[in-house]
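Worksheet: the structure to be examined is printed underneath.
The values are calculated or read from the model by the stated rules, or taken from the named source; none is laboratory data. None of the values given here were measured: they were computed from a predicted structure. Note: ideal-geometry Cβ built from the backbone for every residue, glycine included; neighbour counts use all protein chains shown.
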Amino acid sequence: MKYYVRSGDFERELEFERRDGRLVVRCGDRTLPLDFAMIGDGAAFSMLVGDRVCDVIVERNGGGCVVQMQGERYRLAVEDEHERAAGAVRPAALGGRQSITAAMPGAVVEVMVEPGQQVEAGATLLVLEAMKMQNPVQAQAAGRVVAVHVAAGKSVAAGALLVEIEPA
Amino acid sequence: VTSPFRRLLVANRGEIAVRVLRTAREMGIETVAVYSDADRSALHVRRADRAVRIGPPPPRESYLSIDAILAAAKESGAQAVHPGYGFLSENEDFAQACADAGLVFVGPPPAAIALMGDKVAARRAATQAGVPLVPGADQVGELHELRAMAQRIGYPVMLKAAAGGGGKGIRIVESEKALAEAARLARAEAANAFGDDRVYLEKFLVRPRHVEIQVLADRDGAVAHYGERECSVQRRHQKLIEESPSPAIDARTRAAMGEAACKLAAAVGYEGAGTVEFLWSEGEFYFLEMNTRLQVEHPITELRYGVDLVREQIRIAAGEPLGKVPEPRGHAIEVRINAEDPDTMLPSLGAITRLNLPSGPGVRVDAALYRGLEVTPYYDSLLAKLIVHADHRDAALARMERALRETRIVGVETVVPLALALVRGAELRSGVYDTGIVGRHVKATDEERLELAAIAAAAYRFLGAEQHAASGAAATRAQAISPWKLAGRLDVLRGQR
């Protein structure tokens, strides 16, 4: 089975197969034995690529994985050959309506806009407080506010839809 | 050895509460923890001799409630109160209320807290003590006044909370256009954090370094300093990496800064442990503020000087005289591990599901972490402090890199990847850096390591899919893999060898 792993400009095609029950990975013109030993309960692994030792934590995250490896962290998009063929992982739509969401859980301190209002790029839409910091939430591009889903004093979860803006 | 107090209440939570409890225990002092409902299972509660509930999770109703903490002290029979850092540690009303209730406050007298806590009054005191200041406003102003002052000293300027500290309420303003909005946000943040919305304004220095001096003063007026800490690696005005000694400071400057810090402490009738913060820019140093409490980064001083600053605080509070300042040795570095996304630097909440903290030669970890801990939005995002000590700076940097690579915290995002990249980076290693270092940091990609991570991610998917196929289930590729099934499958695989 082939996998395509991407992170920014980096992409690798990796093919896994079993040879006499042993796992090998093909990466470019190299074929390396792979030993992926689980440590504990399912997210932590001791990986041996050839004789190269790597302690990793792998967690699924949407269409990809987050890999923690000896103090480093990588966000990777992973597709298998079927998914790639089906074009399952599409880039997010560009332009159009802006859905402003909460990047973190917090409390809405103040809402500066109302539906119908025109806003400039970078305009502060509302102020969200989290961990004692007041964070202005800003419009990414100019447009007209079509919906405000929160009010001052309300708590919001991470990812909650706050404000929607249409191109002017 | 007789203990100065029989029972000490620690009016704090998290790693600093655990830190204080440890020394108290070593001194033979009984310890009392206080906790909000969010912290019933916290380590500082479990490590204390006694614990008293002080209210619901919001700090205003628990760790910031003077009444609740005094009631807890009375109920538990404590004789002294250690405030830690943050919360009520720099609140003169609290220090006074402790005294009025017959409790020893482990910290400076209320008047010294009040004077240094009002940043405007502190600047005046520094001027009188002959300590150099950053050009700026010595009075708190309304918007039109701020605007006029900013024009006079020139942009960029910094807005700061008059009652501030810990980086809260600080805004850099690049131009007059941004002043009104920045002032409004700084005021709101200041009001919320300190209950005081006054802000003042200061010249923004070129490539400044943040260097601070640790002082100790006793009741008889003796003052001594314990060298400097370099705290220029900051993001959002919050310190991330600290080291001692500072690579920028020579012996002459160190002596001058130490003398200035001691003069200021003496001038304000200081007692206990305090830190005088300076900005260092182009060979000159300027007084920034004095923190009238133990600093988060105090362990690097402890490792270099072989001193326990909490023990010194407690001894001084009991009326004992200052000890002799030992000769400092080697180089110490601290990394603050905060629960935040290393790319966006936004707070990350969740439960700690996996935890491996580093150890080994020259490594100290101050933390209140345990597996299962819920990181809540109520409190500071500091999870742990990694502190290393070695004979010289290069060895300390190598040791910190090693310790960071051993650190594994799963369940919340942490700044470990960012700290590791900075510690490995050329700028920090050169020693020539300033408070802009994090902003300039460019994420470098090591293709070889990225490839290993890619192999791990794909192998995880491949083995999951293999397991799925083997179990005969419909191959729904998007479905998450059960770790238990995967574990079983991997056990089988390993058994086949």
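Which residues, counting only those in region B:210-251, are free of Cβ contacts under 8 Å to residues at least 24 places away in the same chain and either over 21 Å from B:His392 (Cβ atoms) or assigned to a strand (DSSP E or B) (or both)?
Residues of region B:210-251 free of Cβ contacts under 8 Å to residues at least 24 places away in the same chain: B:230, B:250-251.
Across region B:210-251, the qualifying residue is only B:Glu230.
Out of all the residues in region B:172-186, which are under 26 Å from the mean Cα position of the chain (by Cα), in a helix (DSSP H, G or I) and closer than 22 Å to B:Gly439 by Cα?
Listed by number, the residues that qualify are B:Ala182, B:Leu185, B:Ala186.
Among (1) more than 21 Å from A:Met1 (Cβ to Cβ); (2) modelled with pLDDT of 90 or more; (3) more than 8 Å from every other protein chain (Cβ to nearest Cβ); (4) in contact with a Pro (Cβ under 8 Å, 6 or more places away or on another chain), where does A:Gly50 come up short?
Tallying (1) more than 21 Å from A:Met1 (Cβ to Cβ); (2) modelled with pLDDT of 90 or more; (3) more than 8 Å from every other protein chain (Cβ to nearest Cβ); (4) in contact with a Pro (Cβ under 8 Å, 6 or more places away or on another chain), A:Gly50 fails exactly one: (1).
Of these, B:Ala33, B:Ala38, B:Ala71, B:Ala48, which one is over 16 Å from B:Cys98 (Cβ atoms) and part of a helix (DSSP H, G or I)?
Going through B:Ala33, B:Ala38, B:Ala71, B:Ala48 in turn, the sole match is B:Ala38.
Among the residues of region B:239-265, how many are surrounded by fewer than 20 Cβ atoms within 10 Å (Cβ to Cβ) and among the polar types (S, T, N, Q)?
So the count comes out to 1.
Quick one: B:Leu70 ticks every box in (1) free of Cβ contacts under 8 Å to residues at least 40 places away in the same chain; (2) buried (at least 22 other Cβ atoms within 10 Å of the Cβ) except a single one, so which number is it?
(2)
Hey, could you check region B:420-474 for residues that are facing chain A (nearest Cβ under 9 Å) and outside any helix (DSSP H, G or I) and say which is surrounded by the most Cβ atoms within 10 Å (Cβ to Cβ)?
B:Thr445
Any idea how many residues of region B:369-419 are under 23 Å from A:Val53 (Cα atoms), among the β-branched types (Val, Ile, Thr) and more than 12 Å from every other protein chain (Cβ to nearest Cβ)?
Going through region B:369-419 one residue at a time, the tally reaches 0.
Return the residues of region B:5-31 that are over 20 Å from the mean Cα position of the chain (by Cα), under 26 Å from B:Glu61 (Cα atoms) and crowded, with 24+ Cβ neighbours inside 10 Å; say none if nothing qualifies.
Listed by number, the residues that qualify are B:Leu8, B:Leu9, B:Thr31.
Of the numbered conditions (1) assigned to a loop (DSSP other than H, G, I, E, B); (2) more than 9 Å from every other protein chain (Cβ to nearest Cβ); (3) acidic (Asp, Glu), A:Glu13 satisfies every one except a single condition; which is it?
It fails just one condition, (1).
B:Arg304 - would you say it is over 23 Å from B:Leu240 (Cα atoms) and not in a strand (DSSP E or B)?
no
In this structure, is B:Pro342 of a type outside the set (Val, Ile, Thr), assigned to a loop (DSSP other than H, G, I, E, B) and either crowded, with 19+ Cβ neighbours inside 10 Å or within 16 Å of the chain's Cα centre (by Cα) (or both)?
It is true that B:Pro342 is of a type outside the set (Val, Ile, Thr), assigned to a loop (DSSP other than H, G, I, E, B) and either crowded, with 19+ Cβ neighbours inside 10 Å or within 16 Å of the chain's Cα centre (by Cα) (or both).
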